[in-house]
Amino acid sequence: MLPDCYFGAYARFDTTSKKDAAILLGSNCIIGDVFNIEFKPLEGQTRAWVVNDYGDTLGYLDEQTSHKLNLLAAKNWEMHAVLSFVAFTDQPEPGFYWGEVAIFCYDKVHQSDFDTFMRTTMKSLAQGIRPRIDIKNQGVQSILDSHGTWQPSQRADMPKGDSHTAILKKSRGFTDLMVQKSREGNKGCFLISWAFLLALVALVVFGLKSCRLF
């Protein structure tokens, strides 16, 4: 019988305030980046939070997902969250940032295989491709048999937005190339990437408001 050794899902995260935009749009938060999962209280409940290696928090997951991850953490499974997109919704005012992560949890006995599977999926997400990761028995067996090189052919849909929501990030592009260069020590690219991102956000917010004037 196939062991219970893997859990994967796309999960929405929400931010606590618009101030979190500085993290979501910054150089340490691009599509395909991998983040940690930590458990912290929120309004009297324990929630799973997405946190980078520098201690910056992207946001918190919903109650049901948090409960599932808490159970897996008790089993000492490996747990990661990979950024898949970032969005801004301008209603209710003053608006809020949110997004989605791909959750990867697995038994450390098979860590090498699932690490390889996750890294390949990270590359797909960076290209704007969303593989199905909520795989079950046969898919899990394929990962183990291929030592992580197998990838599902099915794709996961993007969450449907509305006229109040704009997707800010869903793949890597020019800005993320600048971010990558800045990570390698090019300060000029760092300044260019920030200027571009701030201009993009201003344009998106203006566009959301303008569209509803007509």
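Dimensions of the stretch 6-172 based on its C-alpha atoms, expressed as ranges along the principal axes with the largest first, amount to 50, 34, 26 Å. Along the stretch 116-121 the Karplus relation, 6.51 cos²θ - 1.76 cosθ + 1.60 evaluated at θ = phi - 60°, assigns HN-Hα couplings of 5, 4, 5, 4, 5, 5 Hz to successive residues, with x for each Gly and Pro.
Each Cα pair under 8 Å and six or more residues apart adds its separation to the average, and for the stretch 6-172 the resulting relative contact order is 28 percent.
Pairs with C-alpha atoms separated by more than 30 Å, drawn from the list 136/170; 18/68; 75/170, are 75/170. Between 171, 137, 117, the Cα set farthest toward the positive side of the dipole of the stretch 106-173 (charges on each charged residue's Cβ, about the Cα centre) is that of 171. Shown here for the stretch 21-104: trypsin sites (Lys or Arg not before Pro) in loop regions (DSSP other than H, G, I, E, B) with at most 13 other Cβ atoms within 10 Å, namely 75.
Among the chymotrypsin sites (Phe, Trp or Tyr not before Pro) within the stretch 104-149, not one is in coil by DSSP while having at most 10 neighbouring Cβ atoms inside 10 Å. Remark: the stretch 6-172 carries a charge dipole of roughly 360 debye about the Cα centre, counting +1 on each Lys and Arg Cβ and -1 on each Asp and Glu Cβ.
Could you estimate the translational diffusion coefficient of the stretch 73-158 from the Stokes-Einstein equation, with Rh from the Kirkwood formula over C-alpha pairs, at 4 °C and 1.567 mPa s, in whole µm²/s?
Translational diffusion coefficient: 91 µm²/s.
May I ask you to give the average projected area over all directions of the convex hull of the Cα atoms of the stretch 1-95, in nm² rounded to one decimal?
On the way: hull surface 29.0 nm².
Averaged projected hull area, Cα only: 7.3 nm².
We did not get these values from a lab; they are worked out from the coordinates using the rules stated. These figures come from a predicted structure and were not determined experimentally. Glycine also receives a Cβ, built like all others from the backbone with ideal geometry; neighbour counts cover every protein chain displayed.
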